[in-house]
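First up is the structure itself, then whatever we jot down about it.
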Amino acid sequence: MSGLTITDLHAAHGRTPILQGVELAVPDGALACVLGPSGCGKSTLLRVVAGFHPARRGHVALGDTVLDDGRGRLPAERRRIGYVPQDGALFPHLTVAANIGFGLPRALRRDRSDELLSLVGLSGLGRRHPHQLSGGQQQRVALARALAPRPELLLLDEPFAALDAALRTDLRAEVAATLRAAGTTAVLVTHDQDEALSFADTIAVMRAGRIVQQAAPQDLYREPADTAVARFLGEANLVPARIEGLQADTAFGILKLTANAGAARRGPVLLRPRQLRLSVTPGPGKVRTRIHRCHFRGSDHRVELAPESRGLPSVLIAYTDTAWPPGEAYVEVDGLAHPVDEPTEPLL
Ligand SMILES: Nc1ncnc2c1ncn2[C@@H]1O[C@H](COP(=O)(O)OP(=O)(O)OP(=O)(O)O)[C@@H](O)[C@H]1O
């Protein structure tokens with residue numbers, strides 16, 4: 001078993017505390033994402049797991065092996081962990097095959113680098129040098145090199161950040177497929193929510209040196225822990241409500257909740273843009289709005305609506321399959337509303 005378990009992990013740069021009680025569990029064979037804004041400590045977390053930076057206290061274990069507990073540390077070269085940095089960091093003077101085989105016993109190098117080149121879709125390019133490859137190809141070589149010694153855990157530090165949008169989407173799907181084929185447990189850090197949502201089995205949202213929520217992508221998107229996580233994962237309509245038990249009283253009428261909210265209180269509920277349904281006719285549970293703006297985005301339209309009722313934000317966002325011309329639209333809610341509170345801790 002090679003699942004990663006991190007409990008109450010603290011680490012610092014000099015005197016500045018950076019990781020402040022990180023809790024993270026990545027099951028054996030799972031692809032996890034640590035998602036958080038720039039500077040929240042994602043790279044520091046990966047560096048502690050890889051063995052390049054010491055923990056102050058806490059516990060980091062891979063399967064049954066303790067990697068660091070703040071007192072003792074397993075040296076990085078004995079951790080069986082692969083690391084893919086942002087820029088790939090290939091050796092420029094070595095061929096692609098030599099980059100992949102670097103560090104392997106000589107007798108294994110050729111077969112293993114051929115195998116890995118095929119796995120990352122670069123068969124036949126082993127004799128080239130890194131500068132003769134595109135950025136995306138170089139990142140695939142970096143992935144192949146990290147996988148070559150059969151690590152139990154692979155760490156990826158924003159490995160697609162330098163690539164253009166289309167290539168990034170393709171490559172991350174390929175990388176996810178490659179990791180699943182190899183059965184490797186992996187942790188990718190990113191500040192890009194689309195990347196996290198499309199890549200991972202489990203996403204841990206990091207803020208100010210802590211994991212504030214860990215869940216499967218769909219659960220995290222629909223049921224974020226607070227308003228900041230809600231906004232970080234995508235556009236959010238935060239609608240004022242009186243919340244009690246399993247329902248919320250809102251300008252749309254009574255909405256059912258994702259979970260029992262307990263005693264009565266006031267607070268926003270989350271409605272994602274796809275939960276707002278537009279129509280041209282009024283009706284029960286519908287709110288009259290004016291279409292402020294509608295723009296085509298390729299796969300859908302993003303519509304900004306100005307509600308005419310009180311008790312709603314000044315702008316609601318809906319994603320629709322068809323275009324909506326300027327004028328009136330009636331909006332109703334589809335699905336469950338999710339109660340969200342303001343975050344109780346600092347955001348950075
Ligand atoms: N070597 C260092 N010495 C001192 N402070 C550092 C060092 N490396 C990082 N820091 C600080 O630690 C904090 C966390 O940095 P880290 O690189 O872990 O964040 P991150 O979430 O990965 O950010 P990004 O997404 O921008 O890479 C930042 O405030 C950063 O300035």
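Coordinate-derived values only; no laboratory data. Note that the structure is predicted; figures quoted are calculated from it, not measured. Cβ sites come from the backbone with ideal geometry, for glycine too, and all protein chains shown count toward neighbours.
Separation between the THR344 and ARG266 pseudo-spin-labels, each 7 Å from Cα along Cα→Cβ, expressed in nm?
2.1 nm
Give the long-range amide H neighbours of ALA241: residues separated by 5 or more places, or on another chain, with amide H under 5 Å away, using H modelled in the peptide plane at 1.01 Å from N.
GLY267, VAL269
Using 0.36 nm per residue of separation minus the Cα-Cα distance, give me the extension gain between ARG302 and ASP114 in nm, one decimal.
Length gained between ARG302 and ASP114: 63.1 nm.
Ignoring everything except DSSP H segments at least 4 long, calculate the 222 nm mean residue ellipticity for the chain; use -39,500 (n - 2.57) per segment, divide by total residues, nearest 500.
Value at 222 nm, helices only: -6500 deg cm²/dmol.
Any chance you could list P(r) for the stretch 4-222, counting all Cα-Cα pairs in 5 angstrom bins from zero, rounded to whole %?
In order of increasing distance, the bins hold 1, 7, 15, 19, 20, 16, 11, 7, 3, 0, 0 percent.
At q = 0.18 Å⁻¹, what is the base-10 log of I(q)/I(0) for the stretch 232-329 according to the Debye formula with one equal point scatterer per Cα and no solvent? Please give it to two decimals.
Evaluating at q = 0.18 Å⁻¹ gives log10 I(q)/I(0) of -0.85.
How would you order 78-85, 153-160, 268-275, 21-28 from highest to lowest mean count of nearby Cβ atoms within 10 Å?
Highest mean packing first, the order is 153-160, 268-275, 78-85, 21-28.
Quick one: which residues, 5+ away or cross-chain, put their amide H under 5 Å from the amide H of TYR83? H built at 1.01 Å from N.
LEU155
Using a Förster distance of 35 Å, how high is the FRET efficiency between ALA181 and ASP64, based on the Cβ-Cβ distance and rounded to 0.05?
According to the calculation, E is roughly 0.85.
So for the chain: antiparallel DSSP bridges make up what percent, rounded to the nearest 5? Show your work: numbers first, answer last.
On the way: 59 of 79 bridges.
Bridges in the chain that DSSP calls antiparallel: roughly 75 percent.
Taking the Cβ-Cβ separation of SER38 and ARG106 as r and a Förster radius of 41 Å, what is the calculated FRET efficiency to the nearest 0.05?
0.50
Evaluate the charge dipole of the stretch 4-222 about its Cα centre and quote only its size in Debye, nearest 20, assuming +1 on the Cβ of each Lys and Arg and -1 on the Cβ of each Asp and Glu.
It comes to approximately 700 debye.
Using a Förster radius of 41 Å, what is the FRET efficiency between THR281 and ASP8 based on their Cβ-Cβ separation? Nearest 0.05, please.
It comes out at approximately 0.15.
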